[in-house]
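The values are calculated or read from the model by the stated rules, or taken from the named source; none is laboratory data. Bear in mind that the values here come from a model prediction, so they are computed numbers and not experimental data. Glycine also receives a Cβ, built like all others from the backbone with ideal geometry; neighbour counts cover every protein chain displayed.
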Amino acid sequence: MDAFIPFAAIAASALFILSLMWMSHPSTARRGVRAGEIGMAIAIVGALVQHEVVDYHLIIIAMIAGCAVGIPMALLMPMTAIPQRTAMSHAFGALAVGLIGAAEFYKHAQPQFAGGFVLWALMFEMLLGFLTCTASVVAFGKLQEILPTRAIVFPGQRIVNGLVALATVAVAATLALDPTQTYLFPVFVGLALLFGVLLVIPIGGADMPTVIALLNSYAGLAASAMGFALGNKLLIVAGALDGASGFILALVMCKAMNRSFANVMFGGFGAVAASSAGGKDDRVVRSASAEEAALQMENASSVVVIPGYGMAVSQAQHKVSELYQALTKKGVDVKFAIHPVAGRMPGHMNVLLAEANVPYEQLVELDDINPDMPQTDIALIIGANDTINPSARDDPGSAIAGMPIIEADRARSVFIIKRSMNAGFAGIDNPIYYNANTQMLFGDAKDMVGAIAKELSGGGSGH
Amino acid sequence: MTALNPDYLFVFIMAAFLGFQLIKKVSPLLHSPLMSLTNAIAAVVIVGAIAVTGGAGATPLAKTLGFIAVFCATVNLVSGFMITDRMLKMFKRKGS
């Protein structure tokens, strides 16, 4: 049976690669999931039949318990909770990596392994695993709003973080050089866990897409490091794929905000909110009603809807879909402009709109929609703020200067659904609200979009 | 056992480059399902957890740690693949 194991690993690696390849397009993506599942099944069988494994009781119990938790979770989880679930699964994955590392460490806590490569790889793996675990739990808390979503900063934070990081690395190095000092091991684990918490608390809610992507990358790298320590190429491959994926997504997110990794991780963005409100209240804001908006929309030939996190918060996606159906029926061309960092994780808006049955051809990326904006009759902004803020483009002094935006202000008229005139996440003044072609629709996104859709499908034909 | 096996580094570099090329081609439309898929794939660490838990001569500590790790990895891989599929099922073309 042991002869089968290397081939199982090769087959599983190949299937994981195919899985990602097929993921590139919606028409083949589900095939990708199948490939991944088959690869995983082969990998697990390969692990179970190796001759070193002699006791199956605990493994079977743990797997049944895992299914008992995992299956209901997968079936019942509402789509609006996808960012939270993703954060939670990063925590679970990283915890598994950390614990396996701990078990391996105790196995290697003997003088003959001191300073060896396996120990260094294990320490690196556990450092990433444990810090990703608590960092993901904090991210989960922020997404679930158990913890404050704003950035939590305190004086001397960077110094404290730096010292904790140094201490963690120092203890890790000591243990790698002399693994017999096992009393230091819990200290190392505690420091790594603490560092994970410190890493994420100063990051605000709107930076979560980058953070989640980065944690995804860390979890992958930790798995890869474990492959190095255990001499398992399948783990190296799977971890490298996961690490590359998270890293690219994090890069995409950073680019979409025109910020660096360092700035996201250490910037404390969103901590100093609403400082720019003074002396600007003389500007005029025009507001409109749902009826007026509906009337203009049905007479338009093109409408671009720009959703943001506000749409997710008020769970307006189904009403937005009704609006889309009503307008399409009247011959209006409706597109959705999706900013990469809209929402709380990469692709958040796409999943919500797909759930509400908006066909995916209508979802357009930032770079593709902007050239069309000047010819667009109406831009309808639902719960987005910073991603449409023209000062990112026009005002070099703005805190978000240079961030790519969806140029909603270039449309002939702009409707903005907003609860009140409060500044957005970044606390930055948004001049689009005061433009002559802008009309504000004050109210909850779900109620307002519902009201417009009702107007359109109801007595709209008389005009 | 005491030095880095260059074969592993070779495998890692190749897989990372391949990963970069493949992920770059994934439509931003699918970034959420991509993340849950790669997360499920990374749950292949269950392979290590199985070896730790069921290995001959595993200490009670190793068994306990391994047991929790098998549990966590199973939750991730089962829910990861299923949720990815649930998300992807929702992405529909016009008129379908």
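The figures follow:
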{"item": "Evaluation of A:Ser24 against (1) outside any helix (DSSP H, G or I); (2) within 25 Å of B:Thr64 (Cα to Cα) (one fails), failing number", "result": "(2)"}
{"item": "Cβ pairs under 9 Å, 6+ apart, first in segment A:145-165 and under 13 Å from A:Val197 (Cα atoms), second of a type in the set (Gly, Ala, Ser) and modelled with pLDDT of 85 or more", "result": "A:Leu147/A:Gly141"}
{"item": "Selection within segment A:295-308 - buried (at least 23 other Cβ atoms within 10 Å of the Cβ) and either in a strand (DSSP E or B) or modelled with pLDDT under 90 (or both)", "result": "A:Val303, A:Val304, A:Val305, A:Ile306, A:Pro307"}
{"item": "Total residues in segment A:98-144, condition under 30 Å from A:Ala312 (Cα atoms) and either without any contact (Cβ under 8 Å) to a residue 12 or more places away in the chain or crowded, with 19+ Cβ neighbours inside 10 Å (or both)", "result": "13"}
{"item": "Some residue of segment A:72-91 being touching a Gly at 6+ places or on another chain (Cβ under 6 Å), of a type outside the set (Ser, Thr, Tyr), at pLDDT 95 or above and not assigned by TED's automatic domain parsing to the domain that holds A:His348", "result": "no"}
{"item": "Verdict on A:Gly190 being closer than 14 Å to A:Leu127 by Cβ and out of contact with any helix residue (DSSP H, G or I) (no Cβ under 8 Å at 6 or more places or on another chain)", "result": "yes"}
{"item": "Any hit, segment B:11-29, residues being in contact (Cβ under 8 Å) with a residue 40 or more places away in the chain, out of contact with any Lys or Arg (no Cβ under 6 Å at 6 or more places or on another chain) and facing chain A (nearest Cβ under 7 Å)", "result": "yes"}
{"item": "Residue among A:Pro148, A:Pro179 that is of a type outside the set (D, E, K, R), outside any helix (DSSP H, G or I) and crowded, with 21+ Cβ neighbours inside 10 Å", "result": "A:Pro179"}
{"item": "Selected residue (only one of A:Val97, A:Val53 is within 7 Å of another protein chain (Cβ to nearest Cβ), aliphatic (A, V, I, L, M) and over 17 Å from A:Lys233 (Cα atoms))", "result": "A:Val53"}
{"item": "Among the residues listed as A:Ala453, A:Ala399, A:Ala436, A:Ala423, the single one being assigned to a helix (DSSP H, G or I), modelled with pLDDT under 95 and more than 14 Å from chain B (Cβ to nearest Cβ)", "result": "A:Ala453"}
{"item": "Meets criteria (within 14 Å of chain B (Cβ to nearest Cβ), more than 20 Å from A:Leu95 (Cα to Cα) and surrounded by fewer than 17 Cβ atoms within 10 Å (Cβ to Cβ)) for A:Lys233", "result": "no"}
{"item": "Number of positions in segment A:110-125 that are assigned to a helix (DSSP H, G or I), within 39 Å of the chain's Cα centre (by Cα) and farther than 26 Å from B:Ala42 by Cβ", "result": "0"}
{"item": "One residue from B:Leu30, B:Leu34 being of a type outside the set (Phe, Trp, Tyr), out of contact with any Pro (no Cβ under 6 Å at 6 or more places or on another chain), crowded, with 24+ Cβ neighbours inside 10 Å and over 12 Å from A:Asp242 (Cα atoms)", "result": "B:Leu30"}
{"item": "Count of residues meeting criterion [more than 7 Å from chain B (Cβ to nearest Cβ), over 27 Å from the mean Cα position of the chain (by Cα) and not in a helix (DSSP H, G or I)] in segment A:56-94", "result": "0"}
{"item": "Any chance A:Leu166 is in contact with a Pro (Cβ under 7 Å, 6 or more places away or on another chain) and either at pLDDT below 95 or within 18 Å of A:Ala262 (Cα to Cα) (or both)", "result": "no"}
